[in-house]
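Here is the structure we will look at.
The values are calculated or read from the model by the stated rules, or taken from the named source; none is laboratory data. Everything quoted here is computed from the prediction, not taken from an experiment. Cβ placement follows ideal geometry from the backbone for every residue including glycine, while neighbour counts extend to all protein chains displayed. In case anyone asks, the SASA skips ligands and DNA or RNA and just uses the protein heavy atoms, side chains included. Shrake-Rupley method; radii C 1.70, N 1.55, O 1.52, S 1.80 Å.
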Amino acid sequence: MNETASLRARAEIDLAALRANVRALRARAAGAQLMAVVKADAYGHGAVPCARAALEAGATWLGTATPQEALALRAAGIGGRVMCWLWTPGGPWREAVEADIDVSVSGMWALREVLAAATEAGIPARIQLKADTGLGRNGCQPADWPELVAAARTAEDAGTIRITGLWSHFACADEPGHPSVAAQLNVFRDMVAYAEKQGVDPEVRHMANSPAALTIPEAHFDLVRTGIAMYGISPSPELGTPADFGLRPVMTLVASVALVKQVPTGHGVSYGHHYTTSGETTLGLVPVGYADGIPRHASGRAPVLVGGVRRRIAGRVAMDQFVVDLDGDGVEVGSEAVLFGPGDRGEPSAEDWAQACDTIAYEIVTRISTRVPRVHLHGTPAES
């Protein structure tokens, strides 16, 4: 038995599929550059290998949420443009400036901190001004935009910073036709126009996330930020499957069946006995649980492929394990239980799990814990 087969569980990451997804997304937004978003350890797929694969396929930017994520890319030897956008007071501004990372600024407090860091480092900081066009999270409100732009321009004229980007984020891009989409686009255009009148000359203007990159061409501007779509998951399941968008799921989650046993009619299964056998049957123990990122909400609901047959989790998901009713089938210990993947073998998808758990597929893949080893399947890098 090889080392991979002997693992309790593994998340297989198909980097050839990721590269193909990046190329498909670039074709969808042919007039714009592509930022590969690798925040949250590349949505659970492994930030460094995924970042490298995305760059091989033609991504020109990498995006992270936290500065620590961006600095980890630099520590791994990854060059090129990297942006991070989720800052708190006292963050590692100087380290980011010295690592040539583009940092997002949403308000005066952040501008003051990055100016101090750039002065200490003796290096101009690369900053991107974020506009709150209606999402109501991070970003500068239109009423406060003139003050922020003016202060940033003054600092730019002094050589302390370079304003490299103007950007914003959609609230409802996964619902094309939602009135907020057009409203936010109008606000963004106005805020960009104002900044440019004040002398801002950004390298990139960007607003499109995965759903906007796929379905809202007028939102592409200079750059699209693709996160979940890059990993082969549809950001708008109501509008299309991954295949409909030319994408392929990158993660396959597999575990080895740890035990198979016969039990009589009426036997309780797992905590609380929310499942009892309806007849004499066989039970299979799958050694992953909520400590591995399996949602407890999957109890009694989520599908799993075992022995070539789709089955449902029987009873509650525990911290380290769950059970499937094998209906008397002769499944061998050590057989694969495929929780989700691209569907080539009839296995469920991450979207199937999302529907079973009343959530979104983003959460299903991102929550798989570090206790589950990532096995990166590299394939052969194709021409980008």
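Compute the angle between helix 15-28 and the longest alpha-carbon principal axis of the chain, please, reported from 0 to 90 degrees and rounded to the nearest 10.
Once rounded, the angle reads 50 degrees.
Could you sort 205-217, 238-250 so that the peptide with the highest average Cβ count within 10 Å comes first and the rest follow in order?
205-217, 238-250
Quick one: angle between helix 145-157 and the longest Cα principal axis of the chain, in degrees between 0 and 90, rounded to 10, please.
70
So which residue, out of T154, T265, T252, gets the largest mean-square fluctuation from a GNM of the chain using Cα contacts under 10 Å as springs?
Looking only at T154, T265, T252, the largest GNM fluctuation is found for T265.
Nothing charged except the Cβ atoms of Lys and Arg (+1) and of Asp and Glu (-1): what's the magnitude of the dipole of the chain about its Cα centre? Round to the nearest 20 debye.
It works out to roughly 240 debye.
Quick check: from the Cα gyration tensor, does region 328-376 come out rounded (a/c under 1.5), prolate or oblate?
Because a/c hits 1.5 or more and a/b fails to exceed b/c, region 328-376 counts as oblate.
Excluding A173 itself, calculate the net charge of residues whose Cβ lies under 12 Å from the Cβ of A173, where each Lys or Arg counts +1 and each Asp or Glu counts -1.
Here the count lands on -2.
Above 18 angstrom, tally the Cα pairs of region 27-180 and express them as a % of all pairs, no decimals. Intermediate results must be reported in sequence, preceding the final value.
Numbers: 7077 of 11781 pairs.
Of all Cα-Cα distances in region 27-180, 60 percent exceed 18 Å.
Considering only protein heavy atoms, with the full assembly of protein chains and a 1.4 angstrom probe, order F322, F221 by accessible area, largest first. Before the final figure, lay out the partial values.
On the way: F322 0, F221 65 Å².
Greatest to least solvent exposure: F221, F322.
For region 45-132, what is the convex hull volume of the alpha-carbon atoms per residue, in Å³? Working shown, then result.
Values: hull volume 8.7 nm³, N = 88.
Taking only Cα atoms, region 45-132 has a hull volume of 99 Å³ per residue.
Roughly to the nearest percent, how much of the accessible area of region 77-148 is carbon and sulfur, given a 1.4 Å probe?
Numbers: 1560 of 2990 Å².
Its accessible area is 52 percent carbon and sulfur atoms.
From the phi angles alone, apply the Karplus equation (6.51, -1.76, 1.60; θ = phi - 60°) to region 121-134 and give each ³J(HN,Hα) in whole Hz, x where the residue is Gly or Pro.
Those phi angles translate into 6, x, 10, x, 8, 8, 10, 10, 8, 9, 9, 8, 9, x Hz.
Collect residues whose amide H, placed 1.01 Å from N in the peptide plane, falls under 5 Å from the amide H of I161; neighbours closer than 5 in sequence don't count.
The list, which skips near neighbours in sequence, is A125, E156.
Leaving out ligands and nucleic acids, and using a 1.4 Å probe, what accessible area per residue does the chain come to in Å²?
Details: 15740 Å² over 384 residues.
Ligands and nucleic acids excluded, the result is 41 Å² per residue.
What do you get for Rg/Rh over region 119-172 if you use C-alpha atoms and the Kirkwood form of Rh?
Looking at region 119-172, the ratio lands at 1.05.
Would you mind telling me the share, in percent, of accessible area of region 290-384 contributed by carbon and sulfur at probe 1.4 angstrom?
Looking at region 290-384 in its full context, I get 49 percent from C and S.
Can you give the alpha-carbon Rg of the chain over 2.2 N^0.38 Å, where N counts its residues?
Expressed relative to 2.2 N^0.38 Å, the Cα Rg reads 1.12.
Among DSSP beta bridges whose residues both lie in the chain, state the antiparallel percentage, nearest 5.
Details: 28 of 60 bridges.
Of those bridges, close to 45 percent are antiparallel.
Cα-Cα pairs above 14 Å in region 11-64: how many percent?
Above the 14 Å cut-off, region 11-64 has 46 percent of its Cα pairs.
Run down the lysines and flag those whose C-alpha is under 21 Å from the C-alpha of K130, throwing out any fewer than 8 positions away in its chain.
Within the straight-line limit of under 21 Å, K130 reaches these lysines: K39, K197.
Just to be sure I understand the curve: with the Debye formula and one point per C-alpha of region 225-384, what is log10 I(q)/I(0) at q = 0.10, 0.14, 0.17 Å⁻¹?
Ignoring solvent entirely, the Cα scatterers give -0.38, -0.71, -0.99.
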